[in-house]
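The values are calculated or read from the model by the stated rules, or taken from the named source; none is laboratory data. Fair warning: this is a prediction, and the values are worked out from it, not measured in the lab. Neighbour counts are summed over all protein chains in view; Cβ atoms, including those assigned to glycine, are modelled from backbone coordinates with ideal geometry. With ligands, DNA and RNA removed, areas are computed over all heavy atoms of the protein, side chains included. Shrake-Rupley method; radii C 1.70, N 1.55, O 1.52, S 1.80 Å.
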Amino acid sequence: MTRAWVIHPDIKTAERRRLPEFALGEAVALAAALPGLEVIGSEITPLPKTRAGTLFGTGKIEELKQRLKDEEIELVLIDGPVTPVQQRNLEREWKVKILDRTGLILEIFSDRAATREGVLQVELAALSYQRTRLVRAWTHLERQRGGLGFVGGPGETQIEADRRAIDEAITRIRRQLEKTVKTRELHRAARAKVPYPVVALVGYTNAGKSTLFNRLTGAEVLVKDMLFATLDPTMRSVELPLDNGGALEIIMSDTVGFISDLPTQLVAAFRATLEEVLSADLILHVRDISHPETENQARDVRAIMADLGVDPEVPVLEVWNKLDRLAPDALETARNKAERDEAIFLTSALDGSGLDDLLARAAAHLRAGSTTEEITLDFSDGRARAWLFGQEVVDHEEQTEDGFKLTVTWTATQKGQFEKL
């Protein structure tokens, strides 16, 4: 086990400061999510301003140096951005390995990615991150190599060779990813032939999305009190109850949890994995309403959804999860807010409280804008007739001499899908 120490620099000049104790708690949870690490200790370090070369002031560096030595620390996790120069200087001073927040999240994603596409996306994000750190951070990168000076002046520097190698690797991975994207497009096209509305679960990591997904779908997605417990998206069909006693079949998608200050490399890389969110007919934003920073977490989720390019016209229902953890006063306040807002549902994925109302509203949203029409089918149109009954859109059917006369209530999407059959 690698002995690790977590430091959250509380930078007073930061544009948007999170409450330091919760930020540190999240950083420790991130560290705990990486196997092979033992978090020996953690601390908040107030920073009036950052130092360009070392991040911390000389006094704080000396103080931490002694502490890290006494505790025999091998790895220091700094919960924030650390420049290559700062990393080099701190590693030299403390004689330990330094990892910043982006590096830690990349390590976790690398450990968790299970599918071929997930592995490729993490590699792409890691290489993009490494490329930005080739800024003469280590002295060996300044040495020139190769060439005798006869052609083209002095030889290629190590930094140029490393950057070129990374660029070649990035190009190769992008080509491989393009193939997997084409495969997924074929799968999506196949799903469109048996078309169901897509409902995507999004939310901050550890908000309880996977627990909710399992309860609604009967799936066995990994549920663990751990950040980024699930990475690759999972999809299952679910039947939503309708007022007429029927059911609306949908596809529900569980996605990777979001986190504040998610590295831009990962937002770009995981755009492909989150395509189901981009094509969703309805989004359920799952929030851990018992968390003290739930409002900040919700803001982060909305910002990442905007970065991903989610259509603002797609309806979003807020699922205020973990009501079982709320104190009586907080529960009363949350209930009052939920009663005043039709887009908020107070639930507990653990015991199922509030889920019936949520599913009924989701079905109503997906059926919104429905029209009732009368259509006729020949006896030979058995496939089309089966599809209509499978979609639960048939209100009435009457057999005629030539075939069937059906009264259907369907959405514009379902009508378009029927016409393609």
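Ranked from the most accessible area to the least, with a 1.4 Å probe and all protein chains present, what is the order of 71, 43? Numbers along the way, then the final one.
Values: 71 65, 43 25 Å².
Largest accessible area first, the residues go 71, 43.
Given charges of +1 on the Cβ of Lys and Arg and -1 on the Cβ of Asp and Glu, with all other atoms neutral, how large is the dipole of the range 1-112 about its Cα centre, in debye to the nearest 20? Each step should come with its number before you reach the end.
Working: 17 positive and 18 negative charges, 91 e Å.
In debye, rounded to 20, the range 1-112 gives about 440.
Given the Cα-Cα distance of residue 396 and residue 325 and 0.36 nm per residue of separation, how much length would full extension add, in nm? Display every interim value, and only then the final one.
Working: separation 71, 0.36 × 71 = 25.56 nm, distance 4.62 nm.
Extending this stretch completely gives an extra 20.9 nm.
When only the heavy atoms of the protein chains count and the probe is 1.4 Å, how do 15, 26, 21, 392 rank by accessible area, highest first? List each step's numbers first, then the result.
Numbers: 15 195, 26 25, 21 105, 392 70 Å².
Ranking 15, 26, 21, 392 by accessible area, largest first, yields 15, 21, 392, 26.
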Alpha-carbon gyration tensor eigenvalues x 5, square-rooted, for the range 287-368, Å
22, 18, 11
Below 16 Å, Cα to Cα, which aspartates and glutamates can residue 65 reach? Residues fewer than 8 away in the same chain don't count.
43, 74, 91, 93
Does a label point 7 Å from the Cα of residue 373, set along Cα-to-beta-carbon, have any residues of the range 406-421 with amide nitrogen under 11 Å, and which are they?
408-420
Once amide hydrogens are built 1.01 Å from N within the peptide plane, the residues lying 5 or more places from residue 279 or on another chain with amide H under 5 Å from its amide H are none
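Order the following by accessible area, largest value first: 294, 83. Probe radius 1.4 Å; ligands, DNA and RNA are ignored. Show your work: numbers first, answer last.
Working: 294 15, 83 60 Å².
From most accessible down to least: 83, 294.
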